1. Calculate the radius of gyration of the Cα atoms of region B:35-252 to one decimal place, then report Dmax, the largest Cα-Cα distance, as a whole number, both in Å.
2. Can you list residues whose amide H is under 5 Å from A:S272's amide H, if they're 5+ apart or on another chain and H is modeled 1.01 Å from N?
3. Averaged over its residues, how many other protein chain Cβ atoms are within 10 Å of peptide A:235-248's Cβ atoms?
4. Enumerate the amide H contacts of A:V389 below 5 Å, restricted to partners 5 or more residues apart or on another chain; note that Pro and chain-start residues carry no placed amide H.
5. Per-residue HN-Hα couplings for region B:81-93, Karplus 6.51 cos²θ - 1.76 cosθ + 1.60 at θ = phi - 60°, whole Hz, x for Gly and Pro?
6. Summing +1 for each Lys or Arg and -1 for each Asp or Glu, what net charge is found among the other residues whose Cβ lies under 13 Å from the Cβ of A:V440?
7. Averaged across B:215-222, how many Cβ atoms of other chains sit within 10 Å of each residue's Cβ atom?
8. For region A:316-349, which trypsin sites (Lys or Arg not before Pro) are both in a DSSP coil and crowded by at most 14 other Cβ atoms within 10 Å?
Amino acid sequence: MIDPRFPLGRILAFVLPLPALLLAVFTLRANHVASPAIFVDPAGDSILALPLAPAPGDTGGIGRFLDADGLPVRIAQRAVAVPAPSTWILWRDDAPLSMGRLSGVLVDAGDTLRGERAREALRRMPAPLSRDEHRLVERLRTARDRRDSALALDALERFLSRQRTVVALLQAPGRAIHEVPLVRIRHVEVFEGGWADGVMASARRLWFRMVSTADAGSGGGLWGALVATALVVLLAGAMGGVPSLFLAVHLADQIDPGPAVRWLRWASEGISGVPGVVWGCVGAAGLAYFGDSSWGHEAMGMVPGKGILWAGLALGVLSAPITFTRAMDAIDRVPRSSREIARSCGATRHQVLLWVVIPACRRGLVGAWFAGLARAAGETAPLLLVGAVGSIEIGWHQAGSMPSLSGEFLHLGAMAYEQPWPSVQAHLGHPLAYLALALVAAGCLALEWAALRLGEVRE
Amino acid sequence: MAVVLWIGGAGVLSAMAVSLAWLGFHALFDAGIAVPGRIAGWMGGSIFLGMGGALLAFPLAIAGALWTDPVRTGPLVRLCSALPLSVPAFLVAMRFAPWLESLVGVPTRHPGWAVFALAWGGIAPQWLGFSRALALPGLGRWREAALALGIPERGILTGIALPAARRGILAGWMRSFARNCGETMVILLVAGGTIGGRWTAGEALVIELPKAELGGSLWLDLLRAALLLGTWTVLLQLGAALLDRSQSRAAVQ
């Protein structure tokens, strides 16, 4: 304003994007592939990296068993936050864990161990490395040093051919029994260990974590949360944004806005500042009455006040005033004279609206809709009240499935909030929490950028 | 199709608004507060943190608005103001607070961290508001005239720009304050449940509401707190809008 050449201004301009930049850096660091490593491709299309160096607290070297995702599995009982003594947790060094009551262990394709024999079979697994495994580690290291993928694959195939296929049967409280296959491997690739390979490996791992759709109960990446979050935001845009746009366009029909229109704009400006948590409270408490009523519960079959539908409603109401205000601003930029000329040429009010006003400000209207979406995408607190979860106990069962409209659902923001704290191991939850928040931030910035570009609201 | 959408959308919005009003008034007038001072404590915590964050962000935001070119930095400021406040809060909780705890012994759950995170995330929105306030029509010409008369930049700043844009600046600050008052995720991430032994209104809502018995005294108290928080922020927003309007009128005159 006073003197743009003043150096303080340039320094300050770097301060603004600092949180986003730092989040990106820390997300990459948290998800960086430890070198050296081998790549394992369990299903032919998703390549993971397994560090050869032991992870913190890991006594099993490369991981004694590989699950359906090709990730090393270790088995623990009576770990942190176990709800009942009979609950078993299967956790992987590099991915979410699976939890439930041990129903049995499938050995050698069909032979099922039950009861104490099953528990004993699983207990035996975390024993120190066997001679075969020591040999495998040595051969893999040799393959890594020689950059020889064929040798690594041969070593793993030989090792796995001698292993039994073990499937743990877990039953979470109130849910069906699910299988956690522990050994399946298709392809191995030696990680070169260079800087560029490290970047590529990290990128592939980030991508895998975003699109992982593991079997229900056996864990997975962020795909379930990503889908649910996108669904909530789109519902908010449909329930709050679209009616706001219609309202704004309807009011644009009037050349001389009366006191009612002024009052509406005034009120929408005031309401746009209402915190999201208040709308979440309305969604949770107010709609709980509806959902709890016999009609709501029986006819709609909905969990009171919980579910993506309610979340979309709460965020829709939250974003509606923002969409409305921006849409009115966009409509205001249409020259009043063009409307008056059209009317003087004999066009009806609806014709003026359809042929003059909307074509002139259509980009601005779409931009206003995106601005509302951007606000909705950044909200987490109201969703915690209407069923958003990020904890392993409930969330991972939906990791690979489409979220239901009613009941608890995974959400990226909730995962960023819940993952770091109750996690049994920091290196399990932290990378996912960073990635979840980075995705939320990227979504908000992308939507706001689109709103800016479309709305052409340049400061 | 459009008519159906419009009627449906308006119906949903009306239902939400009516339910808010009904629940709020029901909560306010039908029963006494279960624990005296509880709601005041929650609101006090929200206002204390909101005020602290907004005040701490003010110097950087006003400096940025004054000493940067709004045409060049405007889109960046606008983009950064859309970043959720949970981003700086997460970075503070996961990185800076543990690092400083190991370095100088400041506890990770100190309320100061919440204020810091709010301030960090609040710079961009305040900057945006101040830039709008300083984009007064004619201010550039006044500056050129003042420079021609030999008035130094400092004199222009203190004698022309800031007095002319004072209402808009106050409006931008009030909006940031209102946003901070309702902020919940920052407190949850950084403080993890308590701020100096006192919960903020947003925190109380998120933590207590799922556990509260439907229609019970705690449930009603939480709804009262939600209504108060909503009303408080609406009043701040409307006050800011009034200030903006008065500044626009002054600029036109």
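1. 20.1, 70
2. The list, which skips near neighbours in sequence, is empty: none.
3. 3
4. Correct list: A:F409, A:L410, A:H411.
5. Using θ = phi - 60°, the values come out as 6, 8, 5, x, 5, 5, 5, x, 5, 5, 5, 5, 5 Hz.
6. On the way: positive: A:R375; negative: A:E379, A:E448.
The answer is -1.
7. Working: counts 4, 0, 0, 0, 2, 1, 0, 3.
Counting Cβ atoms of other protein chains within 10 Å of each residue's Cβ and averaging gives 1.
8. Within region A:316-349, the qualifying trypsin sites (Lys or Arg not before Pro) (loop, at most 14 other Cβ atoms within 10 Å) are A:R333.
Values in this text are rule-based calculations from the coordinates and carry no lab data. From a predicted model like this one, the values you see are computed outputs, not experimental measurements. Every residue, glycine as well, gets a Cβ built from its backbone with ideal geometry; the counts of neighbours run over all protein chains shown.
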